[in-house]
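Below you'll find the structure, written out as structure tokens, and then a few comments.
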Amino acid sequence: MTTVLIVDDQALQRLGFSMLLEQHPDLTVIGEATHGAEAVRKAAELKPDVVLMDVRMPGMDGIEATRRIVESGGRSRILVLTTFDLDEYAYDALRAGASGFLLKAALPHELISGIRAVAAGDAVISPGLTRKLIDAFSSRLPGHTPAQQRQLDRLTNREREVLIAIATGWSNTEICEHLSLAESTVKSHVGSILTKIEVRDRVQAVIFAYDAGLVRPA
């Protein structure tokens, strides 16, 4: 059973998400929050597997709430929802530690799949959207820091190749095909990369790769 906390300042939006999730026996809504501060409090209290986080809310927004929940060290993972596909706030939420990004206009099965994937420890963001986000805000990306260089130095040549492939938007299957690797080997490389560069998931690995200058916006 995957537990979900719904965070949105619009009552009808929360109701709609709740009704959708209730149709799936493996998902259960254990709470709702109307703003960021309440989300942080309820995440600590209820310890949901997944937090569906709206970005733009009065008071504490979804970015700060995401940052605080992630920094608390709890097990809750954040799936950001927003109305706009090029939303600077959503990009900041990913940098704050969110594990995924979906539009509120996503199809119901996409949202359900996203929740399940995030709960399982994967990341949810389409390759095209990743590139659009990076492209839109590439002027804000710094050169790599000494700390990032040390993290890059930990990677083997093959792991660097796999990290570049992840940042390019390739799935594990595509990495297998392009680099002639077994799926189990790719999964092993991905796990090692996340550990060595000290990030939680593939979304954060993409952000790291761009921040560190390993890849650049096309």
| task | Would you mind finding the one in Leu15, Leu5, Leu94 that is assigned to a helix (DSSP H, G or I) and farther than 22 Å from Val199 by Cβ? | result | Leu15
| query | Does any residue in the stretch 189-200 that is assigned by TED's automatic domain parsing to the domain that holds Leu163 come within less than 6 Å, Cβ to Cβ, of a residue that is part of a helix (DSSP H, G or I) six or more places away or on a different chain, and which pairs are these? | reply | His189/Glu159; His189/Val162; Ile193/Glu159; Ile193/Leu163; Ile197/Gln151; Ile197/Phe208; Val199/Ala205; Val199/Phe208
| request: Please work out if Leu12 is closer than 19 Å to Leu107 by Cα and crowded, with 18+ Cβ neighbours inside 10 Å. | output: no
| task | Can you work out which of the residues in the stretch 35-67 that are at pLDDT below 95 and over 21 Å from the mean Cα position of the chain (by Cα) is surrounded by the fewest Cβ atoms within 10 Å (Cβ to Cβ)? | result | Pro58
| request: Could you tell me whether Val215 is surrounded by 16 or more Cβ atoms within 10 Å (Cβ to Cβ), within 24 Å of Val80 (Cβ to Cβ) and within 16 Å of the chain's Cα centre (by Cα)? | output: no
| remark: In the stretch 57-79, anything in contact (Cβ under 8 Å) with a residue 40 or more places away in the chain, over 18 Å from Arg200 (Cα atoms) and either touching a strand residue (DSSP E or B) at 6+ places or on another chain (Cβ under 9 Å) or acidic (Asp, Glu) (or both) is listed as Met57, Gly62
| message | Suppose the filter is in contact with a Cys (Cβ under 7 Å, 6 or more places away or on another chain), crowded, with 18+ Cβ neighbours inside 10 Å and either part of a helix (DSSP H, G or I) or at pLDDT 85 or above (or both); does Val186 pass it? | response | yes
| note | In the stretch 167-218, anything over 18 Å from Thr156 (Cβ atoms) and basic (Lys, Arg) is listed as Arg200, Arg202, Arg216
| What are the residue pairs meeting all of these: first residue in the stretch 1-29, first residue in contact (Cβ under 8 Å) with a residue 40 or more places away in the chain, second residue of a type in the set (Phe, Trp, Tyr), Cβ atoms under 8 Å, and 6 or more apart or on different chains? | Ile6/Phe17; Asp8/Phe17
| note | Phe101 vs (1) among the hydrophobic types (A, V, I, L, M, F, W, C); (2) part of a strand (DSSP E or B); (3) at pLDDT 85 or above: all pass except (3)
| query | Identify, please: which residue in the stretch 166-180 is part of a loop (DSSP other than H, G, I, E, B) and of a type in the set (Gly, Ala, Ser) and is, among those, farthest from Val190 (Cα to Cα)? | reply | Ser180
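The values are calculated or read from the model by the stated rules, or taken from the named source; none is laboratory data. The model shown is predicted, which means the values in this text are computed figures rather than measured ones. Glycine gets a Cβ as well: all are built from the backbone with ideal geometry, and neighbour counts include every protein chain shown.
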